Amino acid sequence: MEFFMKKIYYLSKSVLLFALFIIVQQSLISAPTQKSPANGDDCVDRDAVFEWSRVKDAAYYMYIISTKVDFSDTLKKDLSYSDTTVAFALPNFSTKYYWKVGSHIIGEADTWTDGFSLITHPAPPSLTSPDDLLACQAFRQTFTWTTVPNAVKYKIQISTSPNFSPTVVDTQVTGTTATFTLNKYFTTYYYRVKGQQVGCETPYSVPRSLTTLVGPPEMSTPRNDSIGTPLSILFTWPATPGAQTYDLQVSDDPNFTNLLVNQMNITDVSLPWAAPNYNKKYYWRMRTLGQACISEWSNAFNFKTAYPAAVALTPGDTITCVPIVSEFTWQPVSGATKYEVRASKTPQFQSGVIVFSAKDVAGTSVIADVTLASKQVWWQVRANDANNVGLWSETQTYFTTGEAPLIMSPVDGSTEVHRGLELEWQAIGQATSFHLQISKDDNFSSIEFEKEDIVGQTLDVILESYNTQYYFRVRTLASGCYSDWSNAYSFKSIQGFPNLIYPENAESNITTDVQMLWSKVPTAISYDIRFSTDDEFVNEFGNNGVQTNSILQKDLKPNTLYYWMVRSNDAWGTSPWSQVFQFNTGEGFTNIPFLIYPENLSIKLPTTGIMNWRSANNASSYNLQIAQDLKFNKDDIIREVQNIKDTAYSYTDLDNFKEYWFRVASVNQTTTSDYSKPHRFRTIAQPPTDQALAIKPVDGENEIPYKKTGFEWTKVARTDLGLSSESGYELLISKTQDFTDTVFYNQRVFEETVNVENKLDVATTYFWKNRGWNEAGFGPWSETFSFTTSVQSSVTDGNFDFGTSIVPNPIQNRAELRFNLETPGSVNFTIIDQTGRTVFNLENISGKGNLNVLPLNLDNLSNGSYLFKLQTGTKYQSGKIIISR
């Protein structure tokens with residue numbers, strides 16, 4: 001029973017706890033959650049918006065706003081509200097308020113939140129100055145406002161828009177006053193301020209506005225610092241915002257102490273005025289009246305009235321026959337230092353028709369080229385300098401002449417112009433006739449020749465003087481007017497006399513037979529030449545009518561001073577004599593030397609020796625040349641010696657066995673003779689210096705045929721000098737090694753091979769050696785080689801051409817042996833050094849028909865020359881190879 005009662009107790013307790021859980025859970029679900037303002041917010045805008053969360057299945061919501069924590073007094077209350085936000089204007093600044101919300105679910109009890117508190121932000125500052133809606137305010141303004149408790153800063157905004165977008169001032173200050181300079185005339189500015197505490201700021205104050213004063217006019221004309229202003233002046237300016245009338249002052253001093261104009265209450269935007277003086281600086285300023293305001297005076301503008309109009313003088317009005325290039329003149333303008341001139345195709349002087357323009361003209365005249373021929377021209381002048389600009393003169397008009405002709409020939413600056421010449425020019429435009437002048441000065445102050453009424457465009461004239469500078473010019477006559485003179489062309493008449501060329505002036509040592517030379521004169525028909533031994537030409541001689549510009553003058557006296565000159569003869573007369581040159585003859589001609597030694601075609605001459613020749617008459621020294629060719633071309637001359645005082649020359653260092661040619665010329669102070677006919681000679685050869693190497697029989701070879709034994713050795717340099725009788729080999733064969741028993745001796749061996757027939761015994765050992773020789777002597781003996789003859793006679797095929805070659809040759813590293821066989825067979829290949837020792841051997845090579853190629857490894861052989869021998873059967877071929885690494 002007791003157990004049963006305990007069980008009922010615990011069951012009841014569990015049911016109660018479950019019921020309480022259900023109630024609490026339901027309460028938590030049905031009550032909204034307050035969102036904003038958050039609990040404890042202390043800077044809430046008075047125009048607050050209260051927000052909470054939605055509750056599932058809620059039919060409506062309830063809220064209460066109060067100044068009491070127990071909500072005993074109600075500012076705002078709604079117990080049947082459908083939304084989750086509500087806006088409410090809280091009545092006071094810096095005041096604590098409370099709010100809570102609840103929800104109602106049908107069939108369930110209403111649930112409320114515990115409630116939140118908030119404090120509204122402080123009140124904004126109050127603007128104290130300037131007063132609202134002020135007008136005619138200066139740009140610089142000081143703004144003040146009341147203090148906000150606990151404020152650390154204030155923010156002020158100034159704008160030309162009532163909604164403060166955009167702002168012209170948006171800044172923070174620490175006090176309750178701030179000064180700013182506004183910058184627009186007749187403009188309404190709005191301003192407001194708010195306070196800023198730590199973590200909170202007030203709303204902006206109620207804005208105020210002020211309107212700045214009206215501005216002075218923006219003056220247009222006359223522009224500031226303008227010059228050249230006419231006396232009839234029109235002051236102009238654009239309408240100024242807010243303006244009702246304008247005041248304008250004009251003075252001749254910048255301080256406006258002497259007012260020439262003081263016009264008030266002008267209702268228009270312009271004012272005419274007649275300035276009293278030319279070239280005078282004036283000052284003007286303005287101010288605006290409007291909206292019960294008077295602006296400050298504008299900055300003063302200054303302007304200077306123009307110089308008075310210049311008076312044009314020449315060319316006068318309606319004048320005709322004025323040259324295209326003419327002088328414009330005018331009267332001076334008082335105070336002006338420079339002038340501007342212009343000429344035009346039309347009286348309007350518009351752009352594109354100006355034909356002449358000149359500025360910065362000092363003085364009262366200018367030369368003008370209007371470039372218009374036979375046309376009407378208009379021109380004006382005015383003062384125009386760095387200080388001021390004047391009024392244009394009255395327009396003058398005139399008519400130009402025709403254009404000056406163009407000179408065609410002679411070309412300007414021509415020289416060597418013939419005395420008889422044709423002058424030619426070309427008319428531009430209409431021409432009735434021409435007027436021509438020739439002068440010797442470029443300003444034509446003295447006229448040498450003049451002709452008028454020339455109908456054509458050419459004129460033949462004959463000039464009076466040779467070698468003279470002339471100038472000529474032409475002008476055109478058309479419609480009763482002469483044109484300007486053409487450009488003056490200059491030319492120089494032909495020199496007439498030639499320029500002396502040879503002998504040059506003051507030249508010495510001239511030959512007694514001398515070829516005189518002078519420059520050609522283009523018009524010359526002939527020349528006259530004179531010689532004299534005195535500079536006055538008292539005792540003169542020479543020739544007339546020389547047809548060329550050169551003559552051979554013979555038989556002059558040696559060591560004599562001569563003077564000479566030349567003149568030309570042409571169709572218009574005889575020229576003056578040329579300038580006088582002088583020259584000294586020398587000692588006269590010298591003979592060509594006669595060569596003595598070496599005799600022509602001599603041979604075997606030593607490389608060092610003496611050349612000699614016979615002395616030449618009148619020679620003081622000799623020049624000698626040695627060459628390798630008969631032509632003595634520059635590249636062939638190996639030695640050239642000058643100023644040899646003797647008739648002999650010691651030569652050295654000529655090459656052996658070489659042909660040379662030598663020749664000699666004699667020299668004195670006046671001349672050098674031709675070279676002698678050359679002698680040819682040959683130097684002696686150098687004796688052989690190399691040893692021959694045995695090719696066959698090689699040292700120690702056996703079974704050598706004894707009836708017909710072939711000997712072969714390597715070639716020795718300088719044993720083939722062209723004549724068999726002058727070079728060759730000496731061969732010795734002996735049964736004894738010291739060659740005391742000489743079997744065979746033949747000094748006259750001219751090849752590297754020889755056959756000895758029927759001289760040797762059977763089965764006998766022989767020794768052999770050879771040496772080269774030539775005209776200069778014998779070379780060294782070769783090494784001694786031995787061989788043994790065969791028991792019985794046999795026939796050998798001997799030397800044969802297998803087309804054997806070693807590739808490459810010289811050998812650096814690897815090489816190939818190449819040879820051809822008519823039929824396959826066994827081949828032996830041997831390399832022998834210069835001592836006759838076999839240093840490389842390939843035996844029983846299996847050779848095939850046609851080309852055979854075998855690699856050779858000769859790494860063990862040192863650099864040098866070697867013999868090789870290729871043999872098959874009784875046939876063999878030998879040759880030479882070089883190893884060079």
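Within the range 309-329, the presence of at least one residue that is farther than 30 Å from ALA404 by Cβ and in a loop (DSSP other than H, G, I, E, B) is confirmed. Among all residues of the range 619-638, there is none that is assigned to a loop (DSSP other than H, G, I, E, B), touching a residue at least 60 places away in the same chain (Cβ under 8 Å) and not assigned by TED's automatic domain parsing to the domain that holds GLU775. So is GLU703 in a loop (DSSP other than H, G, I, E, B) and at pLDDT below 90 or not? Against the criterion (in a loop (DSSP other than H, G, I, E, B) and at pLDDT below 90), GLU703 does not qualify. Within the range 639-664, the set of residues being part of a loop (DSSP other than H, G, I, E, B) and touching a residue at least 40 places away in the same chain (Cβ under 8 Å) comprises THR647, THR652, ASP653, LEU654, ASP655, ASN656, PHE657. Looking at the range 190-221, which of its residues are polar (S, T, N, Q) and outside any strand (DSSP E or B)? Listed by number, the residues that qualify are THR202, SER205, SER220. With respect to (1) among the hydroxyl-bearing types (Ser, Thr, Tyr); (2) surrounded by fewer than 19 Cβ atoms within 10 Å (Cβ to Cβ); (3) at pLDDT below 95; (4) under 60 Å from the mean Cα position of the chain (by Cα), the lone exception for THR560 is condition (4).
The condition (being at pLDDT 95 or above, in a loop (DSSP other than H, G, I, E, B) and out of contact with any Asp or Glu (no Cβ under 9 Å at 6 or more places or on another chain)) is satisfied by just one residue among ASP170, ASP131: ASP131. For the range 568-600, a residue qualifies if it is within 56 Å of the chain's Cα centre (by Cα) and closer than 22 Å to ILE510 by Cα, and the qualifying residues are SER578, GLN579, VAL580, PHE581, GLN582, PHE583. Using beta carbons and a limit of 8 Å, which pairs, at least six apart or on different chains, have the first residue in the range 869-885 and aromatic (Phe, Trp, Tyr) and surrounded by 15 or more Cβ atoms within 10 Å (Cβ to Cβ) and the second one assigned to a strand (DSSP E or B) and at pLDDT 85 or above? So the pair list comes out as TYR876/LYS696; TYR876/LYS869; TYR876/LEU870. Screening GLU504, GLU464 for residues that are outside any strand (DSSP E or B), more than 30 Å from SER673 (Cβ to Cβ) and among the acidic types (Asp, Glu) leaves exactly one candidate, GLU464. Confirm whether LYS677 is closer than 30 Å to LEU556 by Cβ, touching a Leu at 6+ places or on another chain (Cβ under 8 Å) and modelled with pLDDT of 90 or more. Yes; evaluated as a whole, the condition is true for this residue.
None of LYS280, LYS338 is modelled with pLDDT of 95 or more, basic (Lys, Arg), surrounded by 14 or more Cβ atoms within 10 Å (Cβ to Cβ) and not assigned by TED's automatic domain parsing to the domain that holds ARG382 except LYS280. Looking across the range 384-405, the residues that are surrounded by 14 or more Cβ atoms within 10 Å (Cβ to Cβ) and either more than 18 Å from THR314 (Cβ to Cβ) or without any contact (Cβ under 8 Å) to a residue 24 or more places away in the chain (or both) come down to ASN384, ASP385, ASN387, ASN388, VAL389, GLY390, LEU391, GLY402, GLU403, ALA404, PRO405. For the range 177-232, filtered to residues that are basic (Lys, Arg) and either in contact with a Ser or Thr (Cβ under 7 Å, 6 or more places away or on another chain) or without any contact (Cβ under 8 Å) to a residue 40 or more places away in the chain (or both), the residue that is farthest from TYR246 (Cα to Cα) is LYS194. Within the range 451-468, no residue that is outside the structural domain of SER486 (by TED's automatic domain parsing) sits with its Cβ atom under 7 Å from a residue that is loosely packed, with under 12 Cβ neighbours inside 10 Å at 6+ positions apart or across chains. Check the range 432-449 and report whether any residue there is within 15 Å of SER486 (Cα to Cα), aliphatic (A, V, I, L, M) and assigned by TED's automatic domain parsing to the domain that holds ASP484. Yes, that holds for at least one residue.
If you go through the range 236-260 and keep only what is of a type in the set (A, V, I, L, M, F, W, C) and loosely packed, with under 15 Cβ neighbours inside 10 Å, you end up with ALA239, LEU259.
Please work out which one of (1) without any contact (Cβ under 8 Å) to a residue 40 or more places away in the chain; (2) touching an Asp or Glu at 6+ places or on another chain (Cβ under 7 Å); (3) surrounded by 15 or more Cβ atoms within 10 Å (Cβ to Cβ) is the condition ASN544 fails and give its number. ASN544 satisfies every listed condition except (3). Every listed requirement among (1) crowded, with 20+ Cβ neighbours inside 10 Å; (2) of a type in the set (Phe, Trp, Tyr); (3) assigned to a strand (DSSP E or B) is met by PHE497 save one, (3). In the range 712-761, the residue that is farthest from PHE778 (Cα to Cα) out of those that are β-branched (Val, Ile, Thr) and loosely packed, with under 13 Cβ neighbours inside 10 Å is THR736. Please determine whether any residue of the range 422-431 is assigned to a strand (DSSP E or B) and surrounded by fewer than 14 Cβ atoms within 10 Å (Cβ to Cβ). Yes - at least one qualifying residue is present in the range 422-431. All of THR476, THR523 fail the test of being assigned to a loop (DSSP other than H, G, I, E, B) and either under 20 Å from VAL411 (Cα atoms) or touching a strand residue (DSSP E or B) at 6+ places or on another chain (Cβ under 9 Å) (or both), apart from THR523. Which one of these does THR788 not meet: (1) of a type in the set (Ser, Thr, Tyr); (2) in a strand (DSSP E or B); (3) crowded, with 18+ Cβ neighbours inside 10 Å? That leaves (3) as the condition not met.
Taking THR764, is it more than 19 Å from GLU712 (Cα to Cα), hydroxyl-bearing (Ser, Thr, Tyr) and either surrounded by 13 or more Cβ atoms within 10 Å (Cβ to Cβ) or assigned by TED's automatic domain parsing to the domain that holds ASN863 (or both)? Answer is yes for this residue.
The values are calculated or read from the model by the stated rules, or taken from the named source; none is laboratory data. Not measured: the values here are computed from a predicted model. Glycine also receives a Cβ, built like all others from the backbone with ideal geometry; neighbour counts cover every protein chain displayed.
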